[in-house]
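As structure tokens, the structure follows; a few thoughts come after it.
The values are calculated or read from the model by the stated rules, or taken from the named source; none is laboratory data. Being a predicted model, the structure only gives us computed values, none of them experimental. Here the Cβ positions follow ideal geometry from the backbone for every residue, glycine too, while neighbour counts run over all protein chains shown.
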Amino acid sequence: MLQSGTLQVATPTDTTIVMTRTFDAPRRMVWDAMTRADLVRRWMFCPPGWSWATCEMDVRVGGAYRWEWNGPDGDLALTIRGVHREVDPPNKIVHTELMEMAPGAGPCAPDGGPPEPWELVATLELTDTDGGTAMKMTLAFNSRQARDTALASGMEQGMEAGYQQLDAFLAEKIQR
């Protein structure tokens, strides 16, 4: 059986991040875990002291999603929202993404002020592998600065922490 893998991150262009990873679970199960709000809440990473405020997903072309987290002080710290452009279950989903951090909740802008919102188009592709699922996530940012700010934010570590929680969630589902 496939062993789940560590997130691999590449920057093939000045405005693009490509992340790949494997999961030890069937593609349909991974798709459901990534596209159903009730399941996303169970595995998507929150920094210590943070909590989910909103997790809404209307996974269809033109449908919107919104994820919001409160910081340790209880105030809204991060919002990620967008609209689905392409949905091909359980293979591919393309959506816009606008990430807005509250002042002090993440990395500062180069001038030391609040971070600028990160705008991007995310493409998630899932394919079958020997006994599991391969994921490829391409993030196409609106600027090099936005891409570099995302890279400096700890995004990679946060996403891998979430994917490790997803591994555990999927393993639990498979054992049932």
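Regarding Met101, is this residue at pLDDT below 95 and surrounded by 13 or more Cβ atoms within 10 Å (Cβ to Cβ)? Outline the logic, then answer.
Numbers: at pLDDT below 95: yes; surrounded by 13 or more Cβ atoms within 10 Å (Cβ to Cβ): yes.
So Met101 fits the description; yes.
Taking the condition farther than 20 Å from Leu98 by Cβ and exposed (fewer than 13 other Cβ atoms within 10 Å of the Cβ), does Thr13 pass? Considered against the rule, which asks whether it is farther than 20 Å from Leu98 by Cβ and exposed (fewer than 13 other Cβ atoms within 10 Å of the Cβ), Thr13 comes out as yes.
Enumerate the strands (runs of 3 or more DSSP E) found wholly within the range 10-111, keeping only those where 2 or more residues are closer than 28 Å to Asp130 by Cβ and among the aliphatic types (A, V, I, L, M).
Working: elements: 16-23, 51-57, 64-70, 76-88, 92-101.
Here the list reads 16-23, 92-101.
Of all residues in the range 124-155, those that are more than 14 Å from Leu98 (Cα to Cα) and in a strand (DSSP E or B) total 13.
In the range 44-65, which residue that is out of contact with any Asp or Glu (no Cβ under 7 Å at 6 or more places or on another chain) and under 22 Å from Asp88 (Cβ atoms) is surrounded by the most Cβ atoms within 10 Å (Cβ to Cβ)? Give the steps one after another, and end with the answer.
Just the residues of the range 44-65 that are out of contact with any Asp or Glu (no Cβ under 7 Å at 6 or more places or on another chain), to begin with: 44-52, 55-60, 62-63.
After this cut, where a residue has to be under 22 Å from Asp88 (Cβ atoms) as well, the list is 44, 56-60, 62-63.
Numbers: Met44: 21, Glu56: 13, Met57: 19, Asp58: 12, Val59: 17, Arg60: 10, Gly62: 9, Gly63: 14.
Here the residue is Met44.
Pairing each residue of the range 53-82 that is over 22 Å from Asp32 (Cα atoms) with any residue that is of a type in the set (Gly, Ala, Ser) and surrounded by fewer than 16 Cβ atoms within 10 Å (Cβ to Cβ), provided the two are 6+ apart or on different chains, yields C-beta distances under 8 Å for Asn70/Ser51; Gly71/Gly49; Pro72/Gly49.
Could you tell me whether the range 125-133 includes any residue that is touching a Gly at 6+ places or on another chain (Cβ under 8 Å), among the aliphatic types (A, V, I, L, M) and modelled with pLDDT of 95 or more? Don't jump to the end; show me each part of the working.
Looking only at the range 125-133, we keep the residues that are touching a Gly at 6+ places or on another chain (Cβ under 8 Å), and these are none.
Looking for residues that are touching a Gly at 6+ places or on another chain (Cβ under 8 Å), among the aliphatic types (A, V, I, L, M) and modelled with pLDDT of 95 or more, one finds none in the range 125-133, hence no.
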